[in-house]
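The structure appears below as structure tokens.
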Amino acid sequence: MINNSTVTSPASSNTDEAQLFRTRFSRVRDEVHKVIVGNDAVLDGVLIALVAGGHVLLEGVPGLGKTLLVRTLAQVLDLQFSRIQFTPDLMPADVTGTTLLVEDAEGKSRRFQFAPGPLFSNLVLADEINRATPKTQSALLEAMQEQSVTVSGVTHHLGSPFFVLATQNPIEMEGTYPLPEAQLDRFMFKLKFERPNVTDLTSIINRTTANRTAALEPVLSGTELLEMREYARQVPIAPHVAAFAAQVIIASQPGGPSPESVTRFVRYGSSPRGAQALVLCAKIRALLDGRYGVSQEDIRAVATPSLRHRIVLNFEGIAEGITTDRIVEDVVKYVSIQSAAKYPG
């Protein structure tokens, strides 16, 4: 954490860096919008998570443009891209790669050689991830956390940057398998695609039924993306704002100081990874808003996408039709009231 002495107005060079940060972010967003219509909050969430170095889970019914968004982003970012179509018969080796026995051209000698799977890219689209069995889903765990894959006892490191952007259909749909909690926790954001309104749907029709398609150009390199990530991490956060983020995580857990809805409907609350997501993404939001310091409002703004997939409801919560979005809303409101009482004015 940056010392409190640095929590002042940034120097001119820092102001230039902040402006460059916002310019790069806007350039990517504008280029993606040449293809993607609507869902601005989803696009901003994806970009914020990518800059923060996190993975993203996109949920929505088929046909809303989840896959198109990721494909478009791959064209806009100058990164190596691969796509994995998850199906019930997909095996873990189809994702991570496998060790093969190969022989030389003369057929005189043989050796084991690792054949990398589609995970060995910078940007990986895990399409319809909840169509695969939990065994195959779990093949992503090590890659998402450690940026490495272990096959036959040998660890193979992935490139940097490395992002998994996964799409999933609502779990109520036929032929889907809920993701394990341990894997959900490794996604920085869970974002929900909304159905388009009349205006957006009309624009989609006009764009997709004409004989011309938008020409996209790479506008951000992997090196520039890593520079943005490093710069965002330097944004200071005051002790009381960091405490606010920590209190949100504690309040999401039953048994602690938490709202009544958590005590009644929640089985497990957020892990510490939720706190990391809150702070990192709040720093980026502050920069995009022209500020060099995190506020409680930044924490509140990123709370729902950061925590909605990290909260597990109990049986009563499921039976009552309670959503984790409502739980997060209650938690943030509860902590905000407590914080206002502690830090009046």
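A short reminder: the numbers here are calculations on the coordinates, not readings from a lab. Owing to the predicted nature of the structure, the values given are computational and were not obtained by experimental measurement. With ideal geometry, Cβ positions are generated from the backbone for all residues, glycine too; neighbour counts draw on all protein chains shown.
Where Rh denotes the Kirkwood radius from the mean inverse Cα pair distance, what is Rg over Rh for the range 74-152?
On the way: Rg = 14.8 Å, Rh = 14.0 Å.
We get a ratio of 1.06 for the range 74-152.
Run the numbers for Thr223 and Asp200: contour at 0.36 nm per residue of separation, minus the present Cα-Cα distance, in nm. Please report the intermediate quantities before stating the final value.
Values: separation 23, 0.36 × 23 = 8.28 nm, distance 3.40 nm.
Net length gain for the segment: 4.9 nm.
Backbone amide hydrogens, once placed in the peptide plane, bring Ser148 within less than 5 Å of Ala143, Leu158, excluding anything fewer than 5 places away on its chain. As a size descriptor, the averaged projected area of the C-alpha convex hull of the chain was calculated at 22.5 nm².
So how much slack lies between Ser109 and Glu297, counting 0.36 nm per residue of separation and subtracting their Cα-Cα distance, in nm? Working shown, then result.
Details: separation 188, 0.36 × 188 = 67.68 nm, distance 6.43 nm.
Taking 0.36 nm per residue and subtracting the Cα distance, the gain is 61.3 nm.
Taking the longest Cα principal axis of the chain as reference, the axis of helix 40-52 is set at about 80 degrees. Each of Gly274, Val76, Val42 was scored by the projection of its Cα onto the charge dipole of the chain, and the greatest displacement toward the positive side belongs to Gly274; charges sit on the C-beta of Lys, Arg, Asp and Glu.
Computed from point charges on the beta carbon alone (+1 for Lys and Arg, -1 for Asp and Glu), the dipole magnitude for the chain about its Cα centre is near 300 Debye. In the chain, Cα pairs under 8 Å separated by at least six residues give a relative contact order of 21 percent.
For the range 235-345, compute Rg over Rh where Rg is the Cα radius of gyration and Rh is the Kirkwood radius from the inverse mean 1/r over Cα pairs.
Details: Rg = 13.8 Å, Rh = 14.0 Å.
Ratio value, two decimals: 0.99.
Remark: the range 285-335 projects, on average over all directions, an area of 4.0 nm² (convex hull of Cα atoms). According to the square roots a ≥ b ≥ c of the eigenvalues of the Cα gyration tensor, what is the shape class of the range 252-307, taking rounded for a/c under 1.5, prolate for a/b larger than b/c otherwise, and oblate for the remainder? Note, shape of the range 252-307 comes out prolate.
The slack in the chain from Gln145 to Ser82, taken as 0.36 nm per residue of separation less the alpha-carbon distance, amounts to 20.8 nm. In terms of the mean number of neighbouring beta-carbon atoms within 10 Å, the peptides 282-292, 111-121 order highest first as 282-292, 111-121. If R0 is 22 Å, the Cβ-Cβ spacing of Ala182 and Phe315 corresponds to a FRET efficiency of close to 0.60. Taking a point 7 Å out from the Cα of Ala340 in the direction of its Cβ, the residues of the range 291-327 whose backbone N falls within less than 20 Å of it are 295-304, 326-327. Using a simple spin-label model with pseudo-atoms 7 Å out from Cα toward Cβ, Glu230 and Arg27 lie 1.7 nm apart. Note the direction-averaged projected area, equal to a quarter of the hull surface, for the Cα convex hull of the range 206-271, in nm². It is 9.8 nm².
Among Val219, Val248, Val124, the residue with the largest mean-square fluctuation in a Gaussian network model of the chain, with springs joining Cα atoms closer than 10 Å, is Val219.
Report, in degrees rounded to the nearest 10, the 0 to 90 angle that the Cα long axis of helix 12-32 makes with the longest principal axis of the chain. Result, in degrees: 60. At what distance in angstrom do the alpha carbon centres of the range 233-279 and the range 79-104 lie from each other? Distance between centres, Cα-based: 37 Å. Pairwise Cα distances in the range 18-162 exceed 27 Å in 32 percent of cases.
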